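To start, the structure itself, in structure tokens.
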Amino acid sequence: MIKGKQHTAQLIILFFLVLMIILAWYAGLSTSRLINDSLIRVFMNGVLVLSLLPMLNAGAGINYGLPVGIQAGLLGMCTAVNFGCQGLLGFTAALLLSAFFAVLFGYVYALILNHLKGREEIAGIFIGFSTVYLMCFFWATAPYSNPAMLWPIGGQGLRLTIGLQDYFFKVLNHLWVINIGHFILPLGMGLFFVCLCFLTYLFFKTKLGTAINAVGENPAFCKLSGINIDRTRTMAIILSTVLAALGICVYAQSFGFIELYEAPLMMAFPAASAILIGGSKGASTSILQVILGTFLFQSVYVYTGPVANTLLMPEVSEIVRVIMVNGIILYALIYAGRREQA
Amino acid sequence: MESILKLQNISKRFEQHEVLKSVSLEIRPGEIHGLIGENGAGKSTLLNILFGRSIVHQTGGFSGNIYFNGHKVRIRNSQDAIALGIGMVHQEFALIPNMNVAENITIGSEATFRYRHQTDGYQLALINKKANHAQAKNILDRLGVTINTNQYIETLSVNLKQFVELAREINKNDLKLLILDEPTAALGQEDAERLLEILQQLSNAGIAIILVSHRLEEIMSVCDNITVLRDGEVSGRFSKESFDLKQIAASMIGRSVEQVQSRARKHSGRTILQYRNFSVEMPGESIENINLDIYEGEIIGIAGLAGHGKLALGNGTLGIYPSSGQVLFNDTFIDCADTTAALNHGLYLLAEERRETGLLLDHSIMENIIFSAVQQQNKFLKPFIFPSLRLINKKTAVDYTRESIKRLDIRCRNQQQKVRLLSGGNQQKVCLARAIVMEPRILFVAEPTRGIDIGAKEIILQELLNINRKMGTTIIVASSELDELKRICDRIVIMYEGRIFAVLAADCDPLELALALSGKRSDEL
């Protein structure tokens with residue numbers, strides 16, 4: 001019974017998911033299409049959720065400063081698009097550029113967070129918010145020259161959204177697609193996500209990875225073992241930022257657009273919700289929790305929309321989703337508080 | 001006489017694990033009742049039930065009946081317990097650090113101005129500070145402690161905090177039953193004796209007392225009756241006439257114990273570590289201008305009351321707290337601010353707060369044991385181009401851990417069990433195992449047996465001897481257990497007020513040692 005209590009959140013979501021599938025079927029929606037959509041959304045968002053893991057394990061809490069990494073990714077992609085990189089090779093170039101910028105961004109981000117130990121989550125929210133607006137200046141004045149990216153009138157400053165149709169639109173989605181009846185399995189995109197998960201898993205089995213885990217649990221202990229705590233945390237934060245940058249690249253190529261300016265503002269919250277549904281309890285989050293959380297969260301996300309639109313009224317789905325995202329974070333906070341009391 | 005407290009068949013389980021099995025207990029007014037048992041025997045759980053701690057109810061409550069003053073009662077929370085007249089002195093202090101002594105003592109029962117009490121009711125009445133300070137001072141005088149009641153709790157030493165905590169409980173007018181959980185653990189001998197005297201006085205005044213302690217001698221000296229718990233069951237009941245240390249100890253651990261004893265040796269004559277005007281700023285444990293030579297291969301004990309600086313030497317040498325002065329290791333100067341360099345020289349520290357700084361509680365036994373060696377010496381790693389990205393070689397690590405578990409007799413399910421789930425003694429064994437992998441030249445150990453039951457204690461002491469004799473490691477043990485220091489050390493350094501008061505041979509007169517602790521020499525008497 002106590003075991004059940006630990007997994008209440010997952011059980012509620014799972015129940016909700018089953019309810020949604022029944023309702024979808026009742027409303028006459030195509031279930032196989034919905035399942036396909038949810039699978040694609042898992043691969044699309046999975047890397048962003050995965051990017052929270054290193055910082056969680058380093059004891060820096062949920063990375064609400066996810067926009068920092070996301071903007072490194074946007075910068076990388078914009079640069080790739082500016083040089084006209086196309087196809088899978090172009091996408092790889094975008095990934096590499098993003099990772100490069102993410103290392104720089106992550107380092108600065110880590111410098112700030114190492115001054116704010118214990119308050120990383122709230123600090124992350126504000127660092128995220130402020131960098132988004134700081135970058136607005138950059139997007140408006142960036143010295144890019146590809147006309148497809150610039151405002152058609154005036155020819156200066158990047159557009160709000162940059163279409164990827166001619167560059168690397170859905171290169172991962174369309175890589176090694178397997179059709180099983182109505183069901184479509186995007187193998188390439190899936191493999192990309194699974195590979196990153198596996199590499200992260202391996203990383204936490206290495207010397208540095210175990211040090212990060214230990215720092216997250218007990219910094220005093222690590223000091224006695226001669227570990228440089230700030231350096232270890234910096235590594236974790238950079239890794240989180242790099243993964244976030246790669247995550248937004250995967251997201252954007254699937255979505256079809258690079259969204260600039262204020263778009264990254266709220267992107268940390270769905271990812272945070274997902275990892276919390278997965279059952280993350282702070283400093284010992286597993287890859288399995290990341291995958292489970294992304295799956296549950298994104299499936300519910302996919303199902304509620306069409307179902308709510310069909311059964312209730314159009315456009316209600318967005319409201320339901322916002323309540324869901326923030327409700328789950330709230331639930332997790334209450335749950336965490338109760339564990340501390342006991 | 002009518003009993004004040006009667007427990008009938010109290011049982012409690014945490015998930016699958018039964019921690020209390022039908023425990024019954026009866027206490028008369030004015031009786032001092034000793035409750036003893038090894039770690040994990042269920043003492044704390046029993047106390048938590050009595051005091052209505054929320055953890056008991058959050059984990060599914062308990063079964064059995066509690067009778068207080070002849071009436072059946074339900075204690076649902078601590079307020080219920082307090083209303084009945086039950087007071088508790090906690091092992092980890094329940095004091096508010098940034099309030100002063102008087103406020104802490106009178107909390108919940110503050111004196112107020114009478115007219116405000118009448119107009120606004122007690123909850124909103126203005127507090128009469130002067131009366132509260134007088135009341136607090138009165139209580140402290142009765143305890144024979146002199147503290148300025150304006151002082152903030154955070155500035156007090158550990159032993160004074162213990163007395164403030166006791167004063168707060170005694171201050172309650174309707175106190176009928178006082179529960180003390182390891183009240184003397186943090187106290188030196190002198191303070192402990194004073195505390196026991198106070199307990200006698202309270203008992204004479206008709207207050208029943210439940211005393212939990214690891215120190216069997218003091219339990220035997222003050223208690224009227226003793227109940228021994230083992231694995232959640234009552235394994236023995238003794239009354240004053242039938243007290244016998246050996247029998248009590250045997251009923252605690254279910255077998256008899258053999259004490260470790262080594263003979264003090266002459267030192268090798270080669271110094272390995274030299275301190276010159278060494279000072280360490282460690283809050284509450286600072287030392288100043290220490291000059292000390294430590295010889296290769298010896299076990300040297302550091303004794304001293306709490307607050308006199310016995311812990312600072314290790315913490316300062318390993319760079320945990322800032323230090324000044326010079327330290328020579330093998331005749332070369334070392335930089336004490338650099339923990340990594342010290343570890344590379346072969347120095348290692350097992351700190352006094354095992355659970356806070358000595359263990360990764362949510363990691364497995366294996367991860368705890370190999371951690372330092374992996375991080376500092378690149379042991380148990382597979383080859384890879386980037387040194388810090390080398391994978392841990394699971395096979396060698398598991399093999400080594402299994403061997404350690406067997407050698408140190410760590411009681412656990414397997415090497416993957418989380419350290420949090422182990423008892424204190426087994427946790428300390430894990431710490432020792434971690435030090436052994438490092439193969440240190442010099443090992444600092446602080447309070448190796450604090451809060452550990454008698455069976456595991458001997459294993460740990462024996463293992464310290466083994467490390468010293470077989471690996472040739474020089475060991476520096478800081479401990480408040482004089483008897484244990486005498487048994488395993490070659491020399492004992494006595495710290496008094498942050499300075500070295502005396503260096504005695506381990507086979508010296510116990511009286512001389514006890515006197516030195518309080519800063520007196522036997523020839524001064």
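The values are calculated or read from the model by the stated rules, or taken from the named source; none is laboratory data. Predicted model, so just to flag it, every value in this text is computed and none were measured. Note: ideal-geometry Cβ built from the backbone for every residue, glycine included; neighbour counts use all protein chains shown. SASA here: full protein model, heavy atoms, side chains in, ligands and nucleic acids out. Shrake-Rupley method; radii C 1.70, N 1.55, O 1.52, S 1.80 Å.
Values for this structure:
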{"quantity": "Among the residues listed as B:G61, B:G42, the single one being without any contact (Cβ under 8 Å) to a residue 60 or more places away in the chain and either assigned by TED's automatic domain parsing to the domain that holds B:S423 or on the phi > 0 side of the Ramachandran plot (or both)", "calculated": "B:G61"}
{"quantity": "The listed residue being free of Cβ contacts under 8 Å to residues at least 24 places away in the same chain and of a type in the set (S, T, N, Q), out of A:N213, A:N218", "calculated": "A:N218"}
{"quantity": "Filtered residue count, region A:107-132, keeping only those that are aromatic (F, W, Y), touching a residue at least 12 places away in the same chain (Cβ under 8 Å) and open to solvent by 30 Å² or more (accessible area, probe 1.4 Å)", "calculated": "2"}
{"quantity": "Where a residue in region A:63-84 is open to solvent by 10 Å² or more (accessible area, probe 1.4 Å) and its partner, wherever it lies, is part of a loop (DSSP other than H, G, I, E, B), with Cβ under 6 Å and at least six apart", "calculated": "A:N82/A:Y144; A:N82/A:N146"}
{"quantity": "Scan of region B:80-101 for residues that are among the small types (G, A, S) and open to solvent by 60 Å² or more (accessible area, probe 1.4 Å), ordered by number", "calculated": "B:A83"}
{"quantity": "Matching residues, region B:361-375, being open to solvent by 30 Å² or more (accessible area, probe 1.4 Å) and within 17 Å of B:I436 (Cβ to Cβ)", "calculated": "B:E367"}
{"quantity": "Top-ranked residue in region A:271-302 [being open to solvent by 40 Å² or more (accessible area, probe 1.4 Å) and not polar (S, T, N, Q); ranked as farthest from A:F193 (Cα to Cα)]", "calculated": "A:K281"}
{"quantity": "Residue match in region A:192-212 (condition: surrounded by fewer than 17 Cβ atoms within 10 Å (Cβ to Cβ), outside any loop (DSSP other than H, G, I, E, B), out of contact with any helix residue (DSSP H, G or I) (no Cβ under 6 Å at 6 or more places or on another chain) and more than 14 Å from every other protein chain (Cβ to nearest Cβ))", "calculated": "yes"}
{"quantity": "Count of region A:280-296 residues which are within 14 Å of another protein chain (Cβ to nearest Cβ) and either out of contact with any Lys or Arg (no Cβ under 8 Å at 6 or more places or on another chain) or of a type in the set (G, A, S) (or both)", "calculated": "6"}
{"quantity": "Pick from region B:254-294, criterion basic (K, R) and in contact with a strand residue (DSSP E or B) (Cβ under 8 Å, 6 or more places away or on another chain), ranking: most open to solvent (accessible area, probe 1.4 Å)", "calculated": "B:R270"}
{"quantity": "Number of positions in region A:37-62 that are in a helix (DSSP H, G or I), open to solvent by less than 10 Å² (accessible area, probe 1.4 Å) and of a type in the set (S, T, N, Q)", "calculated": "2"}
{"quantity": "Those residues of region A:227-259 which are more than 14 Å from every other protein chain (Cβ to nearest Cβ) and acidic (D, E), in sequence order", "calculated": "A:E259"}
{"quantity": "Conditions (1) outside any loop (DSSP other than H, G, I, E, B); (2) surrounded by 15 or more Cβ atoms within 10 Å (Cβ to Cβ); (3) away from every other protein chain (no Cβ under 14 Å); number of the one not met by B:G52", "calculated": "(1)"}
{"quantity": "Enumeration of residues in region A:133-175 that are within 13 Å of A:L74 (Cα to Cα), outside any helix (DSSP H, G or I) and open to solvent by 40 Å² or more (accessible area, probe 1.4 Å)", "calculated": "A:R159, A:L160, A:T161"}
{"quantity": "Residue in region B:31-40 that is open to solvent by 10 Å² or more (accessible area, probe 1.4 Å), over 20 Å from B:I207 (Cβ atoms), within 14 Å of chain A (Cβ to nearest Cβ) and at pLDDT below 85 present", "calculated": "no"}
{"quantity": "Candidate set: region B:309-333, residues that are hydrophobic (A, V, I, L, M, F, W, C) and open to solvent by 20 Å² or more (accessible area, probe 1.4 Å); chosen: the one nearest to the other protein chains (Cβ to nearest Cβ)", "calculated": "B:I320"}
{"quantity": "Criterion (within 26 Å of B:Q259 (Cβ to Cβ), in the same structural domain as B:G297 (by TED's automatic domain parsing), touching a residue at least 40 places away in the same chain (Cβ under 8 Å) and β-branched (V, I, T)) met by exactly one of B:V445, B:V437, B:V419", "calculated": "B:V445"}
{"quantity": "Candidates A:I319, A:I334 - the one that is more than 20 Å from the chain's Cα centre (by Cα), hydrophobic (A, V, I, L, M, F, W, C), surrounded by fewer than 16 Cβ atoms within 10 Å (Cβ to Cβ) and within 30 Å of B:I55 (Cβ to Cβ)", "calculated": "A:I334"}
{"quantity": "Test: residue in region B:380-398 that is more than 12 Å from chain A (Cβ to nearest Cβ), at pLDDT 85 or above and open to solvent by less than 50 Å² (accessible area, probe 1.4 Å)", "calculated": "yes"}
{"quantity": "In region A:213-226, residue surrounded by the most Cβ atoms within 10 Å (Cβ to Cβ) [restricted to those that are at the interface with chain B (Cβ under 7 Å from one of its Cβ atoms) and either within 19 Å of B:Y348 (Cβ to Cβ) or at pLDDT 90 or above (or both)]", "calculated": "A:A214"}
{"quantity": "Selection from region B:298-321 of residues that are in a helix (DSSP H, G or I) and either farther than 23 Å from A:S225 by Cβ or touching a helix residue (DSSP H, G or I) at 6+ places or on another chain (Cβ under 7 Å) (or both)", "calculated": "B:T317"}
{"quantity": "Sole residue being touching a residue at least 40 places away in the same chain (Cβ under 8 Å) and touching an Asp or Glu at 6+ places or on another chain (Cβ under 9 Å), chosen from A:V302, A:V242, A:V290, A:V250", "calculated": "A:V302"}
{"quantity": "Qualifying residues in region B:60-74 (those that are closer than 27 Å to B:G424 by Cβ and open to solvent by less than 40 Å² (accessible area, probe 1.4 Å)) - the one farthest from the other protein chains (Cβ to nearest Cβ)", "calculated": "B:G64"}
{"quantity": "B:E403, sole failed condition from (1) within 12 Å of chain A (Cβ to nearest Cβ); (2) over 27 Å from the mean Cα position of the chain (by Cα)", "calculated": "(1)"}
